[in-house]
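These notes concern the structure reproduced below.
The values are calculated or read from the model by the stated rules, or taken from the named source; none is laboratory data. Here the structure is a predicted model, which is why all the values come from computation and not from measurement. As a convention, Cβ positions derive from the backbone with ideal geometry for all residues, glycine included, and neighbour counts pool all protein chains shown. Calculation scope for accessible area: heavy atoms of the full protein, side chains included, ligands and nucleic acids excluded. Shrake-Rupley method; radii C 1.70, N 1.55, O 1.52, S 1.80 Å.
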Amino acid sequence: MRKPLIAGNWKMHGSLPQVDTLVQGITQGAKADPKIDILVLPTFIHLAQVHALLSHSPVMLGAQNLYLGQQGAFTGEVSGTMLKEVGCQFVLIGHSERRHLFHEDLALVAAKFKAALEAGLKPILCIGETQQEREQNQTETVIRSQLESVIQFAGISALQQAVIAYEPVWAIGTGLTATPEQAQTVHATIRGLIAQNNVDLADTIRILYGGSMKAENAASLLAMPDIDGGLIGGASLNAASFLAICSAAEASL
Ligand code: PEP
């Protein structure tokens, strides 16, 4: 049985008081002993503040990005070791905004994935096709290359500590959502690709859906057999809507 994970990607949002209010709303509303894993991913600048606010809460902390190595002359970057030191357990790797806006290629994403593991962080590897790739029936090819580049570089056993997030690029921040059936098809494909390397791992690895998931559509997506949680952008910035998605995940058990 895979434990659902609901993760809130706050992207470049929040001020000190807004973050305070959001975390308090989430921690007050979250059950003391939830049957699911709950994770928030604030900006780098808010990590220490959120870590302190989460000290008596089951809600976990993660970051949205990292750079390779432990330290060095990489102006503007933050290492996995630094993230671990401020209480992060997870880190997003290869989010489509990093791949497309910041030109992170397959090799850099694979290197970041390995760097996360070396720092003792659990990578959440984001993969997904663009609208054009879907229209050209390239979804499986894209997913396969995004997954295989990591497996080839880090080894299949590296996925043991990881979570996969299927995020169709056309659904991120657009209000468009993959239908539960569309998402399930790709999730099953991802699990099948992993099973070609390791059947047990394919059975245990969590595959999240991301792309305009919200309170209204969460239950139907989370009811799908291969959807093990959600990576939530916009709807994670409001405690009530984030908690409603968490409740839908609990109800799906
Ligand atoms: C995301 O950024 O990972 C995401 C899924 O965003 P949204 O929920 O806003 O589409």
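Tabulated values for the structure
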read-out: 14 Å cut-off, amide nitrogen to a point 7 angstrom out along residue 204 Cα→Cβ, residues in region 158-179; value: 158-163
read-out: Added length on full extension, which subtracts the Cα-Cα distance from 0.36 nm per residue, residue 68 to residue 28; value: 10.8 nm
read-out: Alpha carbon convex hull of the chain, volume per residue in cubic angstrom; value: 116 Å³
read-out: Cα pair count fraction exceeding 23 Å, expressed as % - region 168-253; value: 22 percent
read-out: Inter-centroid distance (Cα atoms) of region 119-145 relative to region 198-244, Å; value: 16 Å
read-out: Within region 5-251: Cβ-based charge dipole about Cα centre, in debye rounded to nearest 20 (Lys, Arg +1; Asp, Glu -1); value: 340 debye
read-out: √(5λ) per eigenvalue of the Cα gyration tensor, region 1-108, largest first, Å; value: 25, 16, 13
read-out: For region 1-114, size of Cβ-based charge dipole, Lys and Arg +1, Asp and Glu -1, in debye; value: 340 debye
read-out: Region 204-253 - Rg over Rh from alpha carbon coordinates, Kirkwood radius; value: 0.93
read-out: Contour minus Cα-Cα distance for residue 35 and residue 81 (0.36 nm per residue); value: 13.6 nm
read-out: Probe 1.4 Å - accessible area at residue 156, Å² to nearest ten; value: 40 Å²
read-out: Sites residue 118 and residue 219 - FRET efficiency at Förster radius 51 Å, r taken between beta-carbons, to 0.05; value: 0.85
read-out: Efficiency of FRET between residue 56 and residue 253 - r from beta-carbon atoms, R0 30 angstrom, step 0.05; value: 0.75
read-out: Solvent-accessible ranking of 100, 187, largest area first, probe 1.4 Å; value: 100, 187
